[in-house]
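Chemist: Sharing a structure, written as structure tokens. Questions coming.
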Amino acid sequence: MSRTVITFGTFDVFHVGHLRVLERAAALGDRLVVGVSADALNERKKGRAPIFSEKERLAIVGALKVVDAVFVEESLEQKRDYIVEHGADVLVMGDDWAGKFDEYADACEVVYLERTPAISTTAIIEHIADL
Ligand code: C2G
């Protein structure tokens, strides 16, 4: 039986922390499906527009060897629908979200992976702004 893994994220200013979490998520199953946050969701969540548009972020994440399919994540509340729609057996998120998605444990396995230390989109943006 093939095992489908699902994960979600903005993946703005794509960096090695994003790559590592996707590689580790893919290793937990046979097929990795990624929900990439819509621009509007990002603005609601973070109070700013992403640097790269959802179309660009979808293209980058979708081109990765470890990613089998991408879709737009329109809202955080639709997670259960996305899990069912994509037939996910495992939901994976970085541990900055630890405990936040435990309510879906009745629909699939929920796994939180350790974040890659010392790298983030915000830190990269701040670093570039300071150059
Ligand atoms: N990540 C990581 N290590 C980092 C930075 C990010 O492992 N140094 C992981 C996050 O934990 C997350 C994924 O990379 O699992 C995507 O991170 P973000 O783009 O910051 O995603 P976020 O805005 O948290 O969106 O429905 C949930 C949201 O859409 C998650």
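Chemist: Take ALA63 and GLU43, extend 7 Å from each Cα along the Cα→Cβ direction, and tell me the distance between the two endpoints in nm.
Modeler: 2.6 nm
Chemist: Right, something else. In the chain, with Lys and Arg counted as +1 and Asp and Glu as -1 at Cβ, which of these residues, VAL90, VAL5, ALA26, has the Cα nearest the positive end of the dipole, that is, farthest along it?
Modeler: Farthest towards the positive end: ALA26.
Chemist: If packing is taken as the mean number of other Cβ atoms within 10 Å per residue, what is the order of 20-30, 56-66, 42-52, highest first?
Modeler: Sorting 20-30, 56-66, 42-52 by mean packing, highest first, produces 20-30, 56-66, 42-52.
Chemist: Using a Förster distance of 22 Å, how high is the FRET efficiency between GLU126 and ILE51, based on the Cβ-Cβ distance and rounded to 0.05?
Modeler: Result of the calculation: an efficiency of 0.95.
Chemist: Moving on. What's the angle, to the nearest 10 degrees (0 to 90), between helix 121-130's Cα axis and the longest principal axis of the chain?
Modeler: Approximately 10 degrees, to the nearest ten.
Chemist: Loop-only check: which chymotrypsin sites (Phe, Trp or Tyr not before Pro) in segment 53-120 are DSSP coil with at most 11 other Cβ within 10 angstrom?
Modeler: Of the chymotrypsin sites (Phe, Trp or Tyr not before Pro), not one in the loops of segment 53-120 has a Cβ with at most 11 other Cβ atoms within 10 Å.
Chemist: What's the carbon and sulfur percent of segment 11-130's accessible surface, probe 1.4 angstrom, rounded to a whole number?
Modeler: Here it works out to 53 percent.
Chemist: Still on this structure: Once you charge only the Cβ atoms, +1 for Lys and Arg and -1 for Asp and Glu, what is the size of the charge dipole of segment 11-130 about its Cα centre, to the nearest 20 debye?
Modeler: 300 debye
Chemist: So with the 1.4 Å probe, I'd like the accessible area per residue for the chain, rounded to whole Å².
Modeler: I get 54 Å² per residue for this part.
Chemist: If you take the Cα atoms of the chain, find Rg, then find the Kirkwood Rh from the mean of 1/r over all pairs, what is Rg/Rh?
Modeler: With Rh from the inverse mean 1/r over Cα pairs, Rg/Rh is 0.95.
Chemist: Quick check: net charge around ARG31, other residues with Cβ under 11 Å of its Cβ, Lys/Arg +1 and Asp/Glu -1?
Modeler: It works out to a net charge of -2.
Chemist: What lysines does LYS100 reach when the alpha-carbon gap must be under 24 Å and sequence neighbours fewer than 8 apart in one chain are set aside?
Modeler: Hits, sequence-local ones excluded: LYS45, LYS46, LYS79.
Chemist: Once every DSSP H run of n ≥ 4 in the chain is given -39500 (n - 2.57) and the sum is divided by its residues, what mean residue ellipticity at 222 nm do you get, rounded to the nearest 500 deg cm²/dmol?
Modeler: That comes out to -9500 deg cm²/dmol.
The values are calculated or read from the model by the stated rules, or taken from the named source; none is laboratory data. In this text the structure is predicted, and so the values were computed from the model without any measurement. Virtual Cβ from ideal backbone geometry, glycine too; neighbours counted across all protein chains shown. Please note that ligands, DNA and RNA were not included when accessible areas were found on the heavy atoms of the full protein model with its side chains. Shrake-Rupley method; radii C 1.70, N 1.55, O 1.52, S 1.80 Å.
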